[in-house]
Amino acid sequence: MELVLATRNKKKIEEIARITSGMPVSVLTLDDFPLCPEIEEDGATFEENAVKKALAVAKYTGKPSLADDSGLEVYALHGAPGTLSARYSGESADDRRNVEKLLFEMRLLKEEERKAQFVCYIALALNEASVITFHGHVEGTIGTEPKGFNGFGYDPVFYPEGYDRTFAEMGAEEKDNISHRGKALRDFQRFLRERIDL
Ligand code: ITT
């Protein structure tokens, strides 16, 4: 089955390609469709945004599409940065600025107030009208300074529950085994095995 990944985030593409490498799918990206228009992520939830991206790309390409909408929710910040995770620090947001802003917003919080979760929604649009979603999450704690250089986004400050290393201090396989994205994609894999005649 050919699948177009409805994302322009290179790090996500790396993770999705890695986790789906044993599955019977061949992955195309938006680089294969350079004129595909930008999709505005204006949904109130991760699920809405993932569905919107997958349907738009399936419609444009005429092929099944897989979208990922994900982010970090800090409970003491009422779920922020949430669906705004990629753009948390504003117009010129990048991973470093987003982490800096997060640490600043959390500077007065004690250890027990630093709980958070990573959430990932994967939407599979089989065509422009039919879509299925899968999701995964992982609980953890936000550190007080960045640690490690692997991964992307908020990985350097996220300590998954039960570990004393951040996601950015872990190898790819170790993160995939416990991450929100790994869980959602393994759910997607079970669906493929059970429901689609490959
Ligand atoms: P696309 O919409 O093109 O897929 P994006 O980066 O804009 O790319 P999102 O709107 O889903 O994607 O935002 C996801 C953000 O959440 C991402 O930029 C990171 O800041 C954060 N994030 C999601 N998964 C993460 C992970 O595994 N590790 C660290 N940060 C993550």
For the range 1-59, what is the relative contact order in percent, using Cα pairs closer than 8 Å and at least 6 residues apart in sequence?
39 percent
Expressed as a rounded percentage, what relative contact order does the chain have, with Cα pairs under 8 Å and six or more residues apart?
19 percent
Under the Karplus relation 6.51 cos²θ - 1.76 cosθ + 1.60, θ = phi - 60°, what is the ordered set of whole-Hz ³J(HN,Hα) values for the range 166-180, x standing for Gly and Pro?
7, 4, 6, 9, 9, x, 4, 5, 5, 4, 4, 5, 10, 6, 3
Size of the dipole of the range 6-73 about the Cα centre, Lys and Arg at +1 and Asp and Glu at -1 on the beta carbon, nothing else charged, in debye to 20?
340 debye
Any idea what the dipole of the range 1-135 comes to, in debye rounded to 20, about its Cα centre with Lys/Arg Cβ at +1 and Asp/Glu Cβ at -1?
220 debye
Sorted on mean Cβ neighbours within 10 Å (highest first), peptides 8-15, 155-162 come out as 155-162, 8-15
Using Cα centres only, tell me the gap between the range 104-167 and the range 41-56 in whole Å.
19 Å
What dipole magnitude, in Debye to the nearest 20, does the range 51-198 give about its Cα centre under +1 on Lys/Arg Cβ and -1 on Asp/Glu Cβ?
460 debye
At 222 nm, what value in deg cm²/dmol follows for the chain if DSSP H runs of at least 4 each add -39500 (n - 2.57) and the sum is divided by all its residues, to the nearest 500?
-9500 deg cm²/dmol
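No lab work stands behind these numbers, since they all come straight from the coordinates. Worth saying up front: this structure is predicted, and the values here are computed from it rather than measured. A quick note on method: Cβ atoms are made from the backbone with ideal geometry, for glycine too, and the neighbour counts reach across all protein chains shown.
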